[in-house]
Each structure stands twice: as structure tokens, then as C-alpha cells.
Amino acid sequence: MKTENEKIESILNHKNWTGLSLAELVDAGRISPSEHKVTWSFTTAALGDPANMDEWREMRKIDKLVSEKLAKLA
């Protein structure tokens, strides 16, 4: 099982169809770290869909941490 920091890093480094990672897209100014739908799509792409409410809550927590980390990078 991945640690919280490993999950955050896998989300930040996950590349979408453009070939760019979430961190690269924010750094390039293509998306804002406050665009929740975008960060959530990267979260589910990197970690998979939640199987139950406990997993969903954990993923929402991780998603918020990713958004906070991205806000510091922007």
C-alpha cells in the first residue's frame, strides 16, 4: 500500500493524454490548482476509482492535499 506522500506524488506526476503531468500543466499555466474537477480527474486516473465510501473519503483528503501542494507551486 502506498503512503500518503507516494499517492500525492503519483497524482502530481500522472500524465494525461497531452503527455503532461498535473504539475507540468499547473506550472505551464494551462490549468489552475483551484480547478477541482481537474485535480479529481488526475486523482482517479492515478489511484483508480474508489470502491466504497471510506476509499472515497481518503481520496478526497489526498485530492485536497494535492490542491494545496499545487497552490504552493503556482
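Before moving on, here are some points about what is shown:
- For the chain, a Kirkwood hydrodynamic radius built from all Cα pairs, placed in the Stokes-Einstein relation at 25 °C and 0.890 mPa s, yields a translational diffusion coefficient of 202 µm²/s.
- Counting charges near GLU4 (Lys, Arg +1; Asp, Glu -1) among other residues having Cβ under 11 Å from its Cβ returns a value of 0.
- Of the residues SER32, ALA45, LEU12, the one whose Cα sits farthest towards the positive end of the charge dipole of the chain is SER32 (charges of +1 on Lys and Arg Cβ, -1 on Asp and Glu Cβ, taken about the Cα centre).
- Surrounding net charge for LEU20, when Lys and Arg each add one and Asp and Glu each subtract one, Cβ distance under 12 Å: 0
- Of the chymotrypsin sites (Phe, Trp or Tyr not before Pro) in the chain, those whose Cβ has at most 13 other Cβ within 10 Å and which sit in DSSP loop: TRP17
- Magnitude of the charge dipole for the chain, about its Cα centre and with charges confined to Cβ atoms of Lys, Arg (+1) and Asp, Glu (-1), is about 160 debye.
- Carbon plus sulfur fraction of accessible area for the chain, probe 1.4 Å, in percent: 53 percent
- Compared with the direct C-alpha span, the chain from LYS15 to THR3 gains 2.3 nm at full extension, assuming 0.36 nm per residue.
- Per residue, the solvent-accessible area of the chain (1.4 Å probe, heavy atoms of protein chains only, all protein chains present) comes to 66 Å².
- Summing +1 for each Lys or Arg and -1 for each Asp or Glu among the other residues whose beta-carbon sits under 15 angstrom from that of LYS61 gives -1.
The values are calculated or read from the model by the stated rules, or taken from the named source; none is laboratory data. Just so it is clear, the structure is predicted and the values come from calculations on it, not from any experiment. Neighbour counts run over all protein chains shown; Cβ positions are idealised from the backbone, glycine included. These area figures cover heavy atoms from the full protein model, side chains too; ligands, DNA and RNA do not enter into them. Shrake-Rupley method; radii C 1.70, N 1.55, O 1.52, S 1.80 Å.
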